[in-house]
1. Debye sum, Cα scatterers, the chain, no solvent: what log₁₀ I/I(0) at q = 0.12, 0.17 1/Å?
2. Mean separation of Cα pairs under 8 Å and 6+ residues apart, divided by the residue count of the chain: what relative contact order is that in percent?
3. Could you give the size of the charge dipole of segment 123-173 about its Cα centre, using +1 on the Cβ of each K and R and -1 on the Cβ of each D and E, expressed in debye and rounded to the nearest 20?
4. Which whole-number percentage describes the relative contact order of segment 121-219, with Cα contacts under 8 Å and a sequence gap of 6 or more?
5. Please report the carbon-and-sulfur percent of the accessible area for the chain; probe 1.4 Å, protein heavy atoms only, DNA, RNA and ligands left out.
6. Per-residue counts of other Cβ atoms within 10 Å, averaged by peptide: what ranking do you get for 67-77, 125-135, 32-42, highest first?
7. Search the structure for amide H atoms under 5 Å from the amide H of LEU134, placed 1.01 Å from N in the peptide plane, and list their residues when 5 or more places away or on another chain.
8. With unit charges on the beta carbon (Lys/Arg positive, Asp/Glu negative), name the residue among SER123, THR150, ALA161 whose Cα is farthest towards the positive pole of the charge dipole of segment 119-163.
Amino acid sequence: MEARTDKAGKTERRGILFVLSSPSGAGKTTMARRLLAAEPQMAVSVSATTRAKRPGEVDGIDYHFRTEAQFDRMVEAGAFLEWAHVFGNRYGTPRPAVEAALRIGRDVLFDVDWQGTQQLAQSMGDDVVSIFLLPPTMTELERRLRARRTDSEEVIEGRMARAAAEISHWPEYDYVLVNEDMHDCFEHIHTIVLAERLRRQRRGAWLTEFTREMVGKQG
Ligand SMILES: Nc1ncnc2c1ncn2[C@@H]1O[C@H](COP(=O)(O)OP(=O)(O)OP(=O)(O)O)[C@@H](O)[C@H]1O
Ligand SMILES: Nc1nc2c(ncn2[C@@H]2O[C@H](COP(=O)(O)O)[C@@H](O)[C@H]2O)c(=O)[nH]1
(Lines give C-alpha, C1' and ligand atoms only; values in the text may rest on other atoms or scores of the structure.)
(Ligands and ions follow the chains in the order given, each with its own letter.)
Protein backbone atom coordinates (compact mmCIF):
# COMPACT_ATOMS: atom_id res chain seq x y z
CA MET A 1 0.00 0.00 0.00
CA GLU A 2 1.44 3.36 -1.01
CA ALA A 3 1.43 6.16 1.51
CA ARG A 4 -1.89 8.01 0.87
CA THR A 5 -2.05 11.73 1.44
CA ASP A 6 -4.81 14.06 2.54
CA LYS A 7 -5.65 17.33 0.80
CA ALA A 8 -2.91 19.17 2.64
CA GLY A 9 -0.42 16.62 1.28
CA LYS A 10 0.10 15.06 4.71
CA THR A 11 0.55 11.28 4.73
CA GLU A 12 -2.51 9.32 5.78
CA ARG A 13 -0.56 7.63 8.55
CA ARG A 14 2.94 7.40 9.93
CA GLY A 15 5.15 4.56 8.76
CA ILE A 16 5.11 1.41 10.88
CA LEU A 17 8.26 -0.34 12.09
CA PHE A 18 7.74 -4.09 11.52
CA VAL A 19 10.29 -6.08 13.51
CA LEU A 20 11.12 -9.74 12.87
CA SER A 21 13.11 -11.66 15.50
CA SER A 22 13.85 -15.33 16.07
CA PRO A 23 16.63 -17.63 17.14
CA SER A 24 19.26 -17.73 14.41
CA GLY A 25 18.15 -19.99 11.56
CA ALA A 26 14.39 -19.97 12.24
CA GLY A 27 13.71 -18.08 9.01
CA LYS A 28 13.69 -14.27 9.46
CA THR A 29 15.72 -13.53 6.33
CA THR A 30 13.61 -15.92 4.27
CA MET A 31 10.37 -14.30 5.44
CA ALA A 32 11.75 -10.78 5.03
CA ARG A 33 12.66 -11.48 1.40
CA ARG A 34 9.16 -12.78 0.67
CA LEU A 35 7.50 -9.85 2.39
CA LEU A 36 9.60 -7.32 0.47
CA ALA A 37 8.73 -9.06 -2.80
CA ALA A 38 5.02 -8.83 -1.95
CA GLU A 39 5.28 -5.28 -0.58
CA PRO A 40 7.74 -3.40 -2.78
CA GLN A 41 6.82 -0.09 -1.12
CA MET A 42 8.14 -1.34 2.20
CA ALA A 43 11.64 -0.15 3.08
CA VAL A 44 14.14 -2.45 4.73
CA SER A 45 16.53 -1.37 7.42
CA VAL A 46 20.02 -2.49 6.42
CA SER A 47 21.97 -2.98 9.64
CA ALA A 48 25.62 -2.25 10.23
CA THR A 49 27.66 -5.11 11.65
CA THR A 50 31.21 -5.93 12.68
CA ARG A 51 30.79 -9.60 11.74
CA ALA A 52 32.56 -11.05 8.70
CA LYS A 53 30.74 -11.21 5.39
CA ARG A 54 29.24 -14.60 4.53
CA PRO A 55 29.70 -16.03 1.03
CA GLY A 56 27.24 -14.29 -1.28
CA GLU A 57 26.54 -11.36 1.04
CA VAL A 58 26.87 -7.88 -0.48
CA ASP A 59 27.98 -4.79 1.42
CA GLY A 60 25.15 -2.25 1.54
CA ILE A 61 22.50 -4.83 0.61
CA ASP A 62 22.68 -7.52 3.31
CA TYR A 63 24.59 -5.42 5.84
CA HIS A 64 26.88 -2.44 6.01
CA PHE A 65 30.04 -4.34 6.98
CA ARG A 66 32.11 -2.17 9.30
CA THR A 67 35.35 -2.49 11.28
CA GLU A 68 35.28 -2.23 15.08
CA ALA A 69 36.75 1.29 14.81
CA GLN A 70 34.15 2.40 12.26
CA PHE A 71 31.36 0.97 14.42
CA ASP A 72 32.77 2.81 17.47
CA ARG A 73 32.66 6.10 15.57
CA MET A 74 29.03 5.49 14.55
CA VAL A 75 28.08 4.79 18.18
CA GLU A 76 29.83 7.96 19.34
CA ALA A 77 28.12 10.03 16.64
CA GLY A 78 24.68 8.77 17.74
CA ALA A 79 24.20 7.25 14.27
CA PHE A 80 22.23 4.22 15.55
CA LEU A 81 18.56 3.96 16.51
CA GLU A 82 19.64 0.90 18.48
CA TRP A 83 22.66 -1.38 18.64
CA ALA A 84 23.65 -4.53 20.52
CA HIS A 85 26.23 -7.26 20.97
CA VAL A 86 25.01 -10.48 19.31
CA PHE A 87 27.08 -13.68 19.01
CA GLY A 88 30.30 -11.84 19.79
CA ASN A 89 29.81 -9.16 17.14
CA ARG A 90 28.07 -5.80 17.14
CA TYR A 91 24.98 -5.00 15.10
CA GLY A 92 23.17 -1.67 14.80
CA THR A 93 20.31 0.04 12.99
CA PRO A 94 21.50 3.19 11.18
CA ARG A 95 19.18 6.06 12.06
CA PRO A 96 19.02 8.27 8.91
CA ALA A 97 17.52 5.76 6.44
CA VAL A 98 14.79 4.72 8.88
CA GLU A 99 13.87 8.27 9.82
CA ALA A 100 13.71 9.32 6.16
CA ALA A 101 11.34 6.43 5.32
CA LEU A 102 9.07 7.03 8.30
CA ARG A 103 8.84 10.76 7.54
CA ILE A 104 7.14 10.02 4.22
CA GLY A 105 4.85 7.36 5.68
CA ARG A 106 6.78 4.32 4.41
CA ASP A 107 6.78 1.18 6.52
CA VAL A 108 10.17 -0.24 7.45
CA LEU A 109 11.11 -3.88 8.05
CA PHE A 110 13.74 -4.79 10.66
CA ASP A 111 15.57 -8.05 11.30
CA VAL A 112 16.97 -7.45 14.79
CA ASP A 113 17.36 -9.49 17.96
CA TRP A 114 15.37 -9.08 21.21
CA GLN A 115 17.71 -6.36 22.48
CA GLY A 116 17.15 -4.30 19.34
CA THR A 117 13.39 -4.87 19.58
CA GLN A 118 13.32 -3.62 23.18
CA GLN A 119 15.29 -0.50 22.27
CA LEU A 120 13.11 0.24 19.22
CA ALA A 121 9.92 -0.22 21.28
CA GLN A 122 11.28 2.17 23.92
CA SER A 123 12.11 4.92 21.43
CA MET A 124 9.32 4.46 18.86
CA GLY A 125 6.43 3.18 21.04
CA ASP A 126 3.22 2.09 19.29
CA ASP A 127 4.74 2.62 15.86
CA VAL A 128 6.59 -0.70 16.42
CA VAL A 129 4.89 -4.02 15.57
CA SER A 130 7.02 -6.96 16.65
CA ILE A 131 6.81 -10.55 15.37
CA PHE A 132 8.74 -13.47 16.84
CA LEU A 133 9.32 -16.59 14.75
CA LEU A 134 9.76 -19.96 16.44
CA PRO A 135 11.13 -23.06 14.73
CA PRO A 136 8.86 -26.13 14.91
CA THR A 137 11.52 -27.97 16.97
CA MET A 138 15.12 -27.43 18.11
CA THR A 139 16.18 -30.36 15.89
CA GLU A 140 14.68 -28.62 12.87
CA LEU A 141 16.40 -25.35 13.87
CA GLU A 142 19.78 -27.09 13.85
CA ARG A 143 18.98 -28.80 10.55
CA ARG A 144 18.19 -25.39 8.97
CA LEU A 145 21.40 -23.84 10.27
CA ARG A 146 23.38 -26.69 8.74
CA ALA A 147 21.38 -26.78 5.49
CA ARG A 148 22.13 -23.09 4.94
CA ARG A 149 25.83 -23.97 4.59
CA THR A 150 26.96 -20.47 5.54
CA ASP A 151 28.48 -21.02 8.99
CA SER A 152 31.25 -23.14 10.47
CA GLU A 153 30.54 -25.94 12.94
CA GLU A 154 31.75 -23.66 15.75
CA VAL A 155 29.40 -20.85 14.72
CA ILE A 156 26.44 -23.25 14.43
CA GLU A 157 27.13 -24.66 17.90
CA GLY A 158 27.32 -21.13 19.30
CA ARG A 159 24.01 -20.17 17.71
CA MET A 160 22.29 -23.34 18.97
CA ALA A 161 23.69 -22.67 22.45
CA ARG A 162 22.07 -19.19 22.36
CA ALA A 163 18.75 -20.36 20.87
CA ALA A 164 17.00 -21.20 24.17
CA ALA A 165 17.93 -17.79 25.61
CA GLU A 166 16.60 -16.06 22.46
CA ILE A 167 13.38 -18.06 22.58
CA SER A 168 12.81 -17.04 26.22
CA HIS A 169 11.98 -13.53 24.95
CA TRP A 170 8.88 -14.61 22.99
CA PRO A 171 6.42 -13.09 25.53
CA GLU A 172 7.81 -9.60 24.77
CA TYR A 173 6.48 -9.69 21.19
CA ASP A 174 3.11 -8.61 19.74
CA TYR A 175 2.83 -11.73 17.56
CA VAL A 176 4.46 -15.16 17.85
CA LEU A 177 4.40 -17.54 14.86
CA VAL A 178 5.75 -21.05 14.35
CA ASN A 179 7.61 -21.16 11.04
CA GLU A 180 6.88 -24.74 10.04
CA ASP A 181 5.46 -24.35 6.55
CA MET A 182 7.10 -21.45 4.68
CA HIS A 183 3.97 -20.52 2.74
CA ASP A 184 1.69 -20.52 5.80
CA CYS A 185 4.16 -18.52 7.86
CA PHE A 186 4.53 -15.91 5.14
CA GLU A 187 0.72 -15.63 4.78
CA HIS A 188 0.42 -15.01 8.52
CA ILE A 189 3.10 -12.32 8.47
CA HIS A 190 1.49 -10.63 5.47
CA THR A 191 -1.90 -10.71 7.18
CA ILE A 192 -0.42 -9.04 10.27
CA VAL A 193 1.12 -6.29 8.09
CA LEU A 194 -2.15 -5.62 6.25
CA ALA A 195 -4.23 -5.58 9.44
CA GLU A 196 -1.83 -3.37 11.40
CA ARG A 197 -1.93 -0.77 8.62
CA LEU A 198 -5.69 -0.57 8.96
CA ARG A 199 -5.83 0.01 12.72
CA ARG A 200 -7.99 3.03 13.47
CA GLN A 201 -5.36 4.53 15.77
CA ARG A 202 -2.87 4.72 12.91
CA ARG A 203 -5.24 6.52 10.55
CA GLY A 204 -6.72 9.10 12.93
CA ALA A 205 -6.01 12.34 11.06
CA TRP A 206 -7.06 11.07 7.64
CA LEU A 207 -10.21 9.36 8.93
CA THR A 208 -11.22 12.45 10.88
CA GLU A 209 -11.01 14.60 7.75
CA PHE A 210 -12.68 11.95 5.59
CA THR A 211 -15.68 11.50 7.91
CA ARG A 212 -16.00 15.23 8.58
CA GLU A 213 -16.23 15.91 4.84
CA MET A 214 -18.64 13.05 4.32
CA VAL A 215 -21.03 14.25 6.99
CA GLY A 216 -20.59 17.87 5.86
CA LYS A 217 -21.76 16.98 2.36
CA GLN A 218 -24.92 15.32 3.72
CA GLY A 219 -28.32 16.54 2.50
N1 LIG B 1 9.60 -23.03 6.92
C2 LIG B 1 10.81 -23.46 6.56
N3 LIG B 1 10.99 -24.75 6.24
C4 LIG B 1 12.22 -25.22 5.87
N5 LIG B 1 13.33 -24.46 5.76
C6 LIG B 1 13.20 -23.15 6.06
C7 LIG B 1 11.96 -22.57 6.47
N8 LIG B 1 12.15 -21.23 6.68
C9 LIG B 1 13.46 -21.00 6.42
N10 LIG B 1 14.08 -22.14 6.04
C11 LIG B 1 15.51 -22.32 5.68
O12 LIG B 1 16.24 -22.27 6.91
C13 LIG B 1 17.52 -21.66 6.70
C14 LIG B 1 17.67 -20.50 7.70
O15 LIG B 1 16.77 -19.47 7.33
P16 LIG B 1 17.16 -17.93 7.42
O17 LIG B 1 18.54 -17.71 6.91
O18 LIG B 1 16.02 -17.19 6.80
O19 LIG B 1 17.14 -17.75 9.02
P20 LIG B 1 17.41 -16.45 9.92
O21 LIG B 1 16.44 -16.50 11.03
O22 LIG B 1 17.42 -15.24 9.06
O23 LIG B 1 18.88 -16.70 10.47
P24 LIG B 1 19.97 -15.64 11.04
O25 LIG B 1 19.40 -15.04 12.28
O26 LIG B 1 21.16 -16.50 11.33
O27 LIG B 1 20.25 -14.63 9.97
C28 LIG B 1 17.57 -21.21 5.25
O29 LIG B 1 18.30 -22.18 4.51
C30 LIG B 1 16.09 -21.21 4.82
O31 LIG B 1 15.92 -21.49 3.45
N1 LIG C 1 20.02 -5.58 17.79
C2 LIG C 1 20.28 -5.85 16.52
N3 LIG C 1 20.33 -7.12 16.09
C4 LIG C 1 20.56 -7.35 14.79
C5 LIG C 1 20.74 -6.30 13.87
N6 LIG C 1 20.96 -6.85 12.64
C7 LIG C 1 20.89 -8.17 12.79
N8 LIG C 1 20.65 -8.50 14.08
C9 LIG C 1 20.50 -9.83 14.68
O10 LIG C 1 21.76 -10.46 14.75
C11 LIG C 1 21.57 -11.87 14.74
C12 LIG C 1 22.57 -12.54 13.83
O13 LIG C 1 22.40 -12.15 12.50
P14 LIG C 1 23.29 -12.84 11.36
O15 LIG C 1 22.90 -12.13 10.08
O16 LIG C 1 24.72 -12.63 11.74
O17 LIG C 1 22.92 -14.29 11.33
C18 LIG C 1 20.12 -12.11 14.30
O19 LIG C 1 19.38 -12.46 15.49
C20 LIG C 1 19.67 -10.76 13.81
O21 LIG C 1 18.29 -10.55 14.04
C22 LIG C 1 20.67 -4.96 14.35
O23 LIG C 1 20.82 -3.97 13.60
N24 LIG C 1 20.45 -4.79 15.66
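The values are calculated or read from the model by the stated rules, or taken from the named source; none is laboratory data. Remember, it's a predicted structure, so these values are computed and weren't measured experimentally. Glycine also receives a Cβ, built like all others from the backbone with ideal geometry; neighbour counts cover every protein chain displayed. Just the protein is used for accessible areas: all its heavy atoms, side chains included, with ligands, DNA and RNA removed. Shrake-Rupley method; radii C 1.70, N 1.55, O 1.52, S 1.80 Å.
1. -0.68, -1.28
2. Numbers: 306 pairs, mean separation 66.6, N = 219.
Reported as a whole number, the value is 30 percent.
3. Working: 7 positive and 10 negative charges, 65 e Å.
With only Lys, Arg, Asp and Glu charged at Cβ, the dipole is about 320 debye.
4. Values: 43 pairs, mean separation 34.3, N = 99.
About 35 percent, as a whole number.
5. On the way: 6430 of 12000 Å².
Carbon plus sulfur share of accessible area: 54 percent.
6. 125-135, 32-42, 67-77
7. Result for LEU134 returns LEU177, VAL178, ASN179.
8. Towards the positive end, the residue furthest out is THR150.
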